[in-house]
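Report on one structure; see the data block that follows.
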Amino acid sequence: MIWKYIIPVALVFLLVSTLGLPVFGIYNEENVIVDNTLSLEKSRGRSISSSTFIATNIWNQPGGSLAGGIVLGDPDNDNSKEVVVVGGGGNDGHLTVIKYNGTKEPPWEKPTIWKDKDALVDVVVADIDPHEEGNEIVAGGYAKNITVLYWPGGDNSPRTHIIDALPNQIFGMAAGELNLSHEGVELAVVDGITNNLYIYQSTNTPDSWDKIIVTFEEPLRNVYVGEYDSKHQGAEIIALSLNNTVYSAMLSTDNKWQVESLYKDSGQLLDAAIGNADPRYDGNEIIIVGFSQNVTMLRKTESGSWNITTLWTAPGGLEGIDIGDFDPSLADNEIAIGGYSRTVVMLYLDDDRWNAKEIYKDPETSQQELNGVVIGEFNPGHQGNEVMVVGASGVTTMLSYEYPDFTISSASSSKTISAGSDTVFTIVIGTVSSFTGTVTLDVDSDLETELSPSSITAPGTSTLTIHTTTSTEIGTYPVNVSASYDGTTKTLELELIVESSKQPDFKLELSTKSIELERLPADLEQTGDSSDSPYVQSITITIQSINDFNGNVELNVTGLPEYFEVIFSLDKILVGETSQLRIQIVSNPPGNEDSFTFNIKAQSGELQQIEIVDIQLKPSQAGESDEVESESSAWISRIRTIMIVGIIILVIIIIIVINNKYKGKSIPEEKEQIE
């Protein structure tokens, strides 16, 4: 009866294994824990990673790229990273260095610095020769030679040296400090056919190398060097066999190579990477991919056992993988994976769940896989790391994280107007990668400006109005518009060219700009009658035409102190007409204040002219004249009185004299007297 249970279970197990599906909770004989905790994010809508990536095709390798022959390093030792790609076909192998040059557009230099007699499969950039300063390039392929290139950079050809010639083609290479007792870096090579791992290290003699052969149980397809065992000093080796086994190899303290079988996958293994993929644990992990369509992580625990986790199952075979931080919106490293679906998928950990997100789809119609992926800082014009992808077709593509950002622009950067005119610029705030912040605008200019609105929730526009007057000086005015958000400020440089207005204008002319008035005497100040000089002055106002001005000009006064009154004979005049402005003092200012000013303003529409008039007050002369006149009248009155008194006295004297002469005598009769 038991067979009716065993057979279905066996069939299910066989089906699961055949399809490459993960098996949960399996413990193998080597104390390897197999786990599968997967969260697949197929849509871009999840908030944890709403970032996007810009794809830039940089290079098309002649003959294609074989086995993902791409590496990021500094082969010319100029302290900047370059991408080295190998490939080719038939009797032609190409090695090309892709270098960033910001002085060119596009900024990529792509010299093919070396050609081999057959297709090149893999390449390494490392300091494997301590006799030479800096890094070297090591390449190999179907020509069976392991060739080291010493390249000084630029258009120079490299010096080459063949380290060794293998019986079979070179199919995989890696470099690292495998032997700490040896100076320099060791090179590990496999041929994709035999069970041998070839390790090369330089000797004390230049261009001389020792070769060590480590034999595995199965033929080896590829080799990787990195540090994944915290209890071992130096780097370790990971080798993938043609029989889908993951091997570990490291040099023991007694200088012997120890080889260990770690894991056997359900499909052909194609690629691996070593790095800190899981931030929950210290140290590095090993990530393997292949035709099983699984992304599998191997991590050595503190107890020495291996924890094996299937992170994600893809819809197709996977090849090309690297580990690094290329999405700054996420807290830790991410995993970039290529493959036969012609897509690049990013795996990242969030809340203890692994998530997969497609970040690139190859637009090529060919079905050739993306088989090489490397992460690093290649483009100085972009902040952070990039993902470089190479396909079997030979196309090298750079994937750059697109930061949420804003842009500021205007359809026109320069305008020309006449003095006295206004103009408008439309300021456009655009968005990059779903930016949604509120941007604050400001203007720096010597001209009068107005922004409406002064803050924009992107995307949006603002209207910049610039005002000039007829008195604005002719010339070019820079107008800088700044846009700020969260500590980031971007400046849009505009310019306004102000030309001569050549518009009709006028000039205000006065007969005098300074008048003198007397203070009022006490009697006039009480009566308010000050209509006569010297308490009144007049100014003649005329308008002179400029550029055929013939408008009506309105006159008025501003800033007139309360002690004065003014009257225009005409408050509106034309060119050729005059107006008399009568200025009269109506009350005395307190104290000794004697200097005053007021403005005469002439305006016609937006045209305006202003002249300033000074008033000087002097003391009143009326008081001194009255005093002199009063004193003179007093003297005249005295003289008149004296004269009258004198006449009276004289008359009295005459009377007395006459009386004395005829005293005692009679006066003769008139007749006698006549006779």
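Tell me which of 567, 553, 578 sits at the most positive position along the dipole axis of the stretch 489-606, charges placed on C-beta atoms (Lys, Arg +1; Asp, Glu -1). In the stretch 489-606, that residue is 553. The order of the peptides 226-239, 430-443, 127-140 by mean Cβ neighbours within 10 Å, most packed first, is 127-140, 226-239, 430-443.
Report the Stokes-Einstein translational diffusion coefficient (µm² s⁻¹, integer) for the stretch 162-300, Rh taken as the Kirkwood radius over Cα pairs, at 4 °C with viscosity 1.567 mPa s.
Working: Rh = 15.5 Å.
It comes out at roughly 84 µm²/s.
The alpha carbon radius of gyration of the stretch 86-189, expressed as a multiple of 2.2 N^0.38 Å, is 1.13.
Sorted largest first, the spans of the alpha carbon positions of the stretch 333-475 along the three principal axes are 71, 38, 26 Å. For the stretch 156-226, evaluate the Debye formula with one uniform point scatterer on each Cα (no solvent term) and list log10 I(q)/I(0) at q = 0.16, 0.20, 0.21, 0.25 Å⁻¹, rounded to two decimals. Treating every Cα as an identical point scatterer, log10 I(q)/I(0) equals -0.59, -0.89, -0.96, -1.21.
For the stretch 203-351, the tally of Lys pairs with Cα-Cα distances below 17 Å comes to 4, considering only residues 8 or more apart or on different chains. When the charge dipole of the chain is built from unit charges on Cβ atoms (+1 for Lys and Arg, -1 for Asp and Glu) and taken about the Cα centre, the candidate among 174, 195, 647 whose Cα reaches farthest toward its positive end is 195. Over the chain, dividing the summed -39,500 (n - 2.57) contributions of all DSSP H runs of at least 4 residues by the number of residues returns a 222 nm mean residue ellipticity of -3500 deg cm²/dmol.
Give, in nm to one decimal, the length gained when the segment between residue 482 and residue 358 is fully stretched (0.36 nm per residue of separation minus the Cα-Cα distance). Mind dumping the intermediate values first?
Values: separation 124, 0.36 × 124 = 44.64 nm, distance 3.62 nm.
Result: 41.0 nm gained on full extension.
Take the chain with all the other protein chains still there, run a 1.4 Å probe, and you get 51 Å² of accessible area per residue.
Working note: Karplus 6.51/-1.76/1.60 with θ = phi - 60° gives the stretch 401-413 the couplings 4, 9, 5, x, 7, 10, 10, 10, 7, 8, 4, 10, 9 Hz, where Gly and Pro are set to x.
Scanning residues 5 or more positions from residue 294 or on other chains, those with amide H under 5 Å from its amide H are 314, with H placed 1.01 Å from N in the peptide plane. So what is the relative contact order for the chain, in percent, with contacts set as C-alpha pairs under 8 Å and at least six apart? The value is 9 percent.
So for the stretch 276-397, averaging the separation of alpha carbon pairs under 8 Å that are six or more residues apart and normalising by length, what relative contact order in percent results? Could you put the intermediate results ahead of the total?
Working: 268 pairs, mean separation 21.8, N = 122.
Taking the mean separation of contacting Cα pairs over the length of the stretch 276-397, I get 18 percent.
Net charge dipole, the stretch 400-531: roughly 540 debye, given to the nearest 20, about the Cα centre with Cβ charges of +1 for Lys and Arg and -1 for Asp and Glu. Share of pairwise Cα-Cα distances greater than 31 Å in the chain is 70 percent (whole percent).
Just to check I understand the Karplus step: with θ = phi - 60° and J = 6.51 cos²θ - 1.76 cosθ + 1.60, what whole-Hz values come out for the stretch 369-375, glycine and proline as x? Each residue's phi maps through the Karplus curve to give 6, 8, 10, x, 9, 9, 10 Hz. Over the C-alpha atoms of the stretch 293-411, the Rg to Rh ratio, Rh being the Kirkwood estimate, stands at 1.03.
Cross-link partners for residue 618 among the lysines, with Cα-Cα distance under 26 Å and sequence neighbours closer than 8 places in the same chain left out: 513.
Counting each pair of different Cα atoms once, what's the Kirkwood radius of the stretch 61-110 in Å, rounded to one decimal?
On the way: mean 1/r = 0.0851 Å⁻¹.
Roughly 11.7 Å, rounded to one decimal.
Debye sum, Cα scatterers, the stretch 419-551, no solvent: what log₁₀ I/I(0) at q = 0.14 1/Å? Results for the stretch 419-551 at q = 0.14 Å⁻¹ read -0.77.
Find the relative contact order for the stretch 361-441 and round it to a whole percent, using C-alpha pairs within less than 8 Å whose residues are 6+ positions apart. Let's see the in-between values first.
Details: 97 pairs, mean separation 17.6, N = 81.
For the stretch 361-441, the relative contact order is 22 percent.
Semi-axes of the equivalent ellipsoid of the stretch 239-292 are 21, 18, 7 Å, computed as sqrt(5λ) over the eigenvalues of the C-alpha gyration tensor in descending order. For residue 637 and residue 523, a Förster radius of 25 Å and the Cβ-Cβ distance give a FRET efficiency of 0.60, rounded to the nearest 0.05.
Report Rg(Cα)/(2.2 N^0.38 Å) for the stretch 355-430, keeping two decimals. Present the calculation step by step, with values, prior to reporting the outcome.
Working: Rg = 21.5 Å, N = 76, 2.2 N^0.38 = 11.4 Å.
Against the compact-globule rule of thumb, the ratio is 1.88.
Site pair residue 417 and residue 91 shows an inter-label distance of 7.4 nm when each label is modelled 7 Å from Cα along Cα→Cβ. Here the chain is treated with +1 on each Lys and Arg Cβ and -1 on each Asp and Glu Cβ, and its dipole about the Cα centre works out to around 1140 debye.
Between the helical axis of 622-661 and the longest alpha-carbon principal axis of the chain there is an angle of about 10 degrees. Relative to the Cα centre, the charge distribution of the stretch 112-252, modelled as +1 at Lys and Arg Cβ and -1 at Asp and Glu Cβ, gives a dipole magnitude of about 420 debye. Whole-Hz Karplus values for the stretch 576-590 come out as x, 8, 10, 9, 9, 9, 9, 10, 10, 7, 10, 7, 7, x, x Hz, taken residue by residue from phi with 6.51 cos²θ - 1.76 cosθ + 1.60 and θ = phi - 60°; glycine and proline positions read x.
Going by amide H atoms built from the backbone, whose H comes under 5 Å of the H on residue 276, apart from near neighbours? Hits under the 5 Å cutoff: 285. Near the amide H of residue 221, within less than 5 Å, lie the amide hydrogens of 240, 241, 242, all on another chain or at least 5 residues away, with H placed in the peptide plane.
Against the chain, whose longest principal axis comes from its Cα atoms, helix 3-19 is set at around 50 degrees.
The values are calculated or read from the model by the stated rules, or taken from the named source; none is laboratory data. Since the structure is predicted, the reported quantities are computational estimates derived from the model, not experimental observations. Using ideal geometry, Cβ is built from the backbone for each residue, glycine included, and neighbour counts are taken over all protein chains shown. All accessible areas refer to the heavy atoms of the entire protein, side chains included, with ligands and DNA or RNA removed. Shrake-Rupley method; radii C 1.70, N 1.55, O 1.52, S 1.80 Å.
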